[in-house]
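Asks: To start, I am sharing the structure in question, which I have written as structure tokens.
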There are 2 protein chains.
Amino acid sequence: MSDAKLIGLDWGTTSCRAYLIGADGGVLDRQLDGPGILKAEGHFGPWLDSMIGSWIATHGAAPVILSGMIGSRQGWKEAPYATCPAGAGDIVTALARIEWAELTIALVPGLSTENDAMPDVMRGEETQIFGALALSGESDGLFLLPGTHSKWAEVRGNRILSFRTFMTGEVFGALKEHTILGRLMRGDAPDADAFARGIHEGAALGSPGALLNRMFATRTYGLVDRLAGTALADYLSGLLIGAEVAEAARHAKSAVTIIASPVLAQRYSDALRLLGHASTLAPEDCVAAGHWRIARAAGLC
Amino acid sequence: MSDAKLIGLDWGTTSCRAYLIGADGGVLDRQLDGPGILKAEGHFGPWLDSMIGSWIATHGAAPVILSGMIGSRQGWKEAPYATCPAGAGDIVTALARIEWAELTIALVPGLSTENDAMPDVMRGEETQIFGALALSGESDGLFLLPGTHSKWAEVRGNRILSFRTFMTGEVFGALKEHTILGRLMRGDAPDADAFARGIHEGAALGSPGALLNRMFATRTYGLVDRLAGTALADYLSGLLIGAEVAEAARHAKSAVTIIASPVLAQRYSDALRLLGHASTLAPEDCVAAGHWRIARAAGLC
């Protein structure tokens with residue numbers, strides 16, 4: 001069992017996933033329920049020990065690489081953003097370092113870009129994208145990482161040319177929990193018809209202002225019994241995702257690669273299909289493949 | 001002092017304004033700090049007494065007319081919606097009645113309409129619009145009642161043809177208080193430049209999805225010090241209002257009539273001006289003129 005070559009952690013705001021990686025870049029073991037940086041704040045070293053200590057006891061000290069919000073101002077140490085367009089080589093040049101106990105830890109920087117004079121940033125998604133590229137052998141494509149903040153990234157020749165953040169998930173949560181739109185909602189059971197209706201209505205809206213109007217249908221459809229209370233959450237979710245996908249996939253020429261948990265990936269895959277776009281799903285462990293690719297290029301393993 | 005002819009109450013979700021109205025429809029006295037229906041729930045009669053009791057003691061019992069959410073399912077009694085297009089005569093036909101102590105109380109129904117297969121509703125704004133029409137002597141126009149939920153109503157020949165609700169104010173509050181966008185905001189001091197920047201950016205967005213992307217600039221402008229923390233709230237407010245106004249005033253051919261408190265009216269007047277539209281401000285007491293107009297047409301006074 002001495003073929004462990006690298007330990008990679010995808011350490012985000014609310015969760016942490018750790019991977020023990022073997023000589024061929026394959027995942028030997030994983031621990032997916034670590035604490036996010038909000039919980040671990042001020043105690044990152046001890047939390048790291050608790051997550052990977054048994055691996056080191058068994059396999060000896062392997063190099064460690066961290067990606068995600070752990071490299072932000074609120075994380076363990078700030079790793080300044082690398083600038084798009086950026087390939088794995090640019091990430092390697094910008095790696096930050098942390099010393100902790102006997103370990104030498106590399107910290108993956110996030111990426112920054114600018115679209116229409118708007119700055120944008122990501123931390124952690126770049127590692128997942130480089131991993132997905134390594135696993136598929138492809139070098140181009142449109143990558144979607146949905147979630148609280150969806151990231152859509154354009155890749156050419158193994159470099160991330162640019163990307164855009166859509167606040168869809170967080171906006172949905174704020175509208176559902178903290179506006180009148182949640183008032184008539186009943187339950188969380190999925191409603192595919194209501195979701196599809198939202199997708200089509202959201203994609204068909206002609207302006208951003210029309211979204212501020214149409215979201216009120218989440219209330220009025222309920223008031224006049226045009227949608228059941230159990231359908232309203234999925235209608236609103238579809239409306240926002242439909243608006244997002246129509247904008248972000250506008251110029252997509254081939255299948256969109258989705259990097260997400262199966263449930264969330266299915267949701268966006270459905271949305272893309274309803275709007276005439278194909279999609280493929282990246283393997284769930286692709287972040288570990290990204291850690292491996294970056295660490296190899298940096299000569300860490 | 002026996003020239004008091006009517007008592008009108010604009011009784012909404014979070015506030016209540018009461019007016020003592022004279023023989024010519026003019027306001028003799030007003031009380032603007034009554035409790036909204038959320039606070040008065042279950043005790044509407046006693047709250048009414050406390051607001052208008054001294055007027056009745058002085059002037060004798062005048063007829064009472066109520067408008068606003070007091071006529072909703074959550075109010076004193078539900079007054080079913082009248083349907084657009086609707087003039088003051090249609091409101092009169094649909095008035096509901098409440099008996100309380102010695103008083104006979106008329107309850108103004110709300111209005112419902114439908115745009116692009118989306119139902120929409122208002123309660124209380126119709127009375128303000130009919131009052132503004134009565135005071136100005138005009139019979140056509142685009143009326144804007146901004147707030148938590150902005151209402152834009154199209155009037156022809158003294159009838160409300162249709163209207164649309166925009167959730168701008170409530171969405172702003174939810175984003176500011178309950179998403180990452182509030183994190184870097186500092187203070188509430190107005191920032192006219194940031195507001196204007198938001199207005200122009202919001203109006204220029206090409207799709208609803210682009211709004212879900214651009215609102216993230218509230219964070220990234222702060223991260224890269226392109227806007228000060230004190231400017232971020234007004235930037236986001238401008239972004240949403242700019243999107244709303246660009247959509248809602250798209251077909252406006254003459255000045256938009258704004259019915260609002262002076263501060264809020266100024267904000268929307270600025271937004272309209274920045275986007276090339278003129279506006280006029282309706283008198284603050286126009287809801288009382290609406291009460292007078294409807295009560296006269298109904299033969300109540």
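Asks: In nm to one decimal, list the spacings between the B:Asp24 label point and its equivalents in the other copies, with label points set 7 Å along Cα to Cβ, shortest first.
Replies: Values, ascending and in nm: 9.5.
Asks: Carbon and sulfur atoms: what percent of the 1.4 Å accessible area of region B:185-289 do they account for?
Replies: Details: 2190 of 4100 Å².
After summing per-atom areas, the C and S share lands at 53 percent.
Asks: Have a look at the DSSP beta bridges in chain A and tell me what percent are antiparallel, nearest 5.
Replies: Rounded to the nearest five, the antiparallel share is 70 percent.
Asks: Measuring nothing but label to label, 7 Å from Cα along Cα→Cβ, what are B:Pro283's distances to the other copies in nm, shortest first?
Replies: Here the equivalent label points are 7.6 nm apart from this one.
Asks: Calculate I(q)/I(0) for region B:27-77 by the Debye formula, one identical point scatterer on each C-alpha and no solvent, and give its log10 at q = 0.22 Å⁻¹ to two decimals.
Replies: -0.90
Asks: So, one more: A:Lys5: accessible area at probe 1.4 Å, nearest 10 Å²?
Replies: 90 Å²
Asks: If the label for A:Ala192 sits 7 angstrom from Cα along the Cα-to-Cβ line, what are its distances to the same label in every other copy, in nm to one decimal, shortest first?
Replies: Label-point separations across copies, in nm and ascending: 5.6.
Asks: So what does A:Ser54 come to for accessible area, using a 1.4 Å probe and Å² rounded to 10?
Replies: Looks like 80 Å² after rounding.
Asks: Set the Förster distance to 35 Å, then compute FRET efficiency between A:Glu284 and B:Ile180 from the Cβ-Cβ distance, nearest 0.05. Mind dumping the intermediate values first?
Replies: Numbers: r = 26 Å, r/R0 = 0.74.
Efficiency computed from Cβ-Cβ geometry: 0.85.
Asks: Show B:Asp191, B:Asp33 ordered by accessible area, largest first, where the area counts protein heavy atoms only and the probe is 1.4 Å. Don't skip to the answer; put the middle values down first.
Replies: Working: B:Asp191 45, B:Asp33 125 Å².
Result of the area sort, largest leading: B:Asp33, B:Asp191.
Asks: Please name the residues of region B:233-248 whose accessible area, counted over protein heavy atoms with a 1.4 angstrom probe, falls by no less than 20 Å² between the chain alone and the full protein assembly.
Replies: SASA drop of 20 Å² or more in region B:233-248: B:Ala243, B:Glu247.
Asks: A further question on this structure: Rounded to the nearest 0.05, what FRET efficiency do A:Ala204 and A:Ala57 give with R0 = 60 Å and r taken as the Cβ-Cβ distance? Could you check?
Replies: Values: r = 58 Å, r/R0 = 0.96.
After rounding, the FRET efficiency stands at 0.55.
Asks: Provide the FRET efficiency to the nearest 0.05 for the B:Thr14-A:Leu32 pair, computing r from the beta carbons and using R0 = 56 Å.
Replies: Working from the Cβ atoms, E equals 0.80.
Asks: Say each of A:Asp140 and B:Glu102 gets a label point 7 Å from the Cα, pointing the same way as Cα to Cβ; how far apart are those two points in nm?
Replies: The two pseudo-label positions are separated by 8.6 nm.
Asks: Still on this structure, please answer the following. Can you give me the three principal axis dimensions of region A:150-254 from its C-alpha atoms, in Å, biggest first?
Replies: 51, 25, 24
Asks: Something else about it: How large is the Kirkwood hydrodynamic radius of region A:1-125, counting all unique pairs of alpha carbons, in Å? Could you put the intermediate results ahead of the total?
Replies: Values: mean 1/r = 0.0666 Å⁻¹.
For region A:1-125, the Kirkwood estimate is 15.0 Å.
Asks: What spacing in nm lies between the two simple spin-label points modelled at B:Val263 and B:Asp116, each 7 Å away from Cα in the Cβ direction?
Replies: 3.3 nm
Asks: Show B:Thr230, A:Thr127 ordered by accessible area, largest first, where the area counts protein heavy atoms only and the probe is 1.4 Å. Please list the in-between numbers first.
Replies: Numbers: B:Thr230 75, A:Thr127 0 Å².
Descending accessible area places them as B:Thr230, A:Thr127.
Asks: Can I ask one more? Dividing the convex hull volume of the alpha carbon atoms of chain A by its residue count, what do you get in Å³ per residue? Walk me through the intermediate numbers first.
Replies: Working: hull volume 40.4 nm³, N = 301.
Each residue corresponds to 134 Å³ of Cα convex hull volume.
Asks: Right, here's the next one. How much accessible surface does A:Leu223 have with a 1.4 Å probe, in Å² rounded to 10?
Replies: 50 Å²
Asks: Label-point separation (nm) for A:Asp24 and B:Arg156, each offset 7 Å from Cα along Cα-to-Cβ?
Replies: 7.3 nm
Asks: Using just the alpha carbons, could you tell me how many Å³ per residue the convex hull of the protein assembly as shown encloses? Write down the numbers at each step before the final one.
Replies: Values: hull volume 93.5 nm³, N = 602.
Per residue, the Cα convex hull of the protein assembly as shown comes to 155 Å³.
Asks: Using a Cα-Cα cut-off of under 24 Å, which lysines could be cross-linked to A:Lys253, ignoring same-chain neighbours fewer than 8 residues away?
Replies: Correct list for A:Lys253: A:Lys151.
The values are calculated or read from the model by the stated rules, or taken from the named source; none is laboratory data. Small disclaimer: the values here were computed from a predicted structure and weren't measured. All Cβ positions, glycine included, derive from the backbone under ideal geometry; neighbour counts span all protein chains shown. Keep in mind that these areas ignore ligands, DNA and RNA; they rest on the heavy atoms of the full protein, side chains included. Shrake-Rupley method; radii C 1.70, N 1.55, O 1.52, S 1.80 Å.
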